[in-house]
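What follows is one structure encoded as C-alpha cells, with my remarks underneath.
The values are calculated or read from the model by the stated rules, or taken from the named source; none is laboratory data. Keep in mind that what you see is a predicted model, and the values were worked out from it rather than measured. Neighbour counts are summed over all protein chains in view; Cβ atoms, including those assigned to glycine, are modelled from backbone coordinates with ideal geometry. With ligands, DNA and RNA removed, areas are computed over all heavy atoms of the protein, side chains included. Shrake-Rupley method; radii C 1.70, N 1.55, O 1.52, S 1.80 Å.
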Amino acid sequence: FYDNFYIRDGGYQIQELEEAGLWDAAAKAVEHYLRRQRADGRFETQRGQLDANGQALWVLWQYWKITGDKAWLRKAYPQMAKAVDWVKAARRKAPADSPFAGLLPAAPADGEHLWNGKFHIVGYDLWNLRGVLCTADAARALGKEDEAQALAAEAADYRAAIDAAHRRTGVAHF
C-alpha cells in the first residue's frame, strides 16, 4: 500500500523491532528519521502534515530509552532541539487573541478527508507536545539542565494552550 517509509506509521514499526530485539533493523530505520528533517527544523514525510514532527521526536527518544545508547542520543539531540525550535516558532504564529493561540496552525490531514488544510488537527498538537516532553527528557539525560528546564516550561505552556482550546469547545470530553 505504501511506497515510502512514513514517520507516523514507521514509529510503531520501529518500536516493534526494538521490543523484538531486532536491533540492526531498528537502528537502520531510526537513522532514516534523522534524514527526514527539513531545513526549518521540522521532520516531515507527508507534505504539510505536522504530526510527524512530534512523532519523530518520540521515535528518537524511544530508541534511546530502549537501547540506553547515550552516544547515539548525543548525536540525535541537536536535531531534536532544532525540531522543537520549529514547534516553538509555529505555535507563536497565531495572534494572542485567536482561539488557536499557542497551538500549531491549521494543516492538511489524511484519513479524515481534511486535505484542504483549513482545519486545526488536535492530534498534531498532542504529538508535538509529546515531542517537546521527550526532548526535555533527552536534555536532562545529557546533563543539559538549563535546556531541560526551558523545554519543560515550553511544554507546560503548550499544554496550557491545548487545555484552553479544549475549554473553549464546551465539550466535556477530550
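Per-structure values
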read-out	value
Unique match (being closer than 24 Å to Glu18 by Cβ, modelled with pLDDT of 95 or more, open to solvent by less than 30 Å² (accessible area, probe 1.4 Å) and of a type outside the set (Phe, Trp, Tyr)) among Ala71, Ala138	Ala138
Test result for Ala106, assigned to a loop (DSSP other than H, G, I, E, B), of a type outside the set (Asp, Glu), over 20 Å from Arg36 (Cα atoms) and in contact (Cβ under 8 Å) with a residue 40 or more places away in the chain	no
Selection within region 44-54 - modelled with pLDDT under 95 and outside any loop (DSSP other than H, G, I, E, B)	Asp51, Ala52
Long-range neighbours under 7 Å by Cβ, at least six apart or interchain, first residue hydrophobic (A, V, I, L, M, F, W, C) within region 85-98, second open to solvent by less than 30 Å² (accessible area, probe 1.4 Å) and part of a loop (DSSP other than H, G, I, E, B)	Trp86/Gly41; Trp86/Arg42; Ala90/Leu104; Ala94/Ala101; Ala94/Leu103
So Gly11, is it open to solvent by less than 60 Å² (accessible area, probe 1.4 Å) and not in a helix (DSSP H, G or I)	no
Qualifying position, being surrounded by fewer than 19 Cβ atoms within 10 Å (Cβ to Cβ), modelled with pLDDT of 95 or more and more than 29 Å from Ile66 (Cβ to Cβ), among Ala160, Ala150, Ala101, Ala96	Ala160
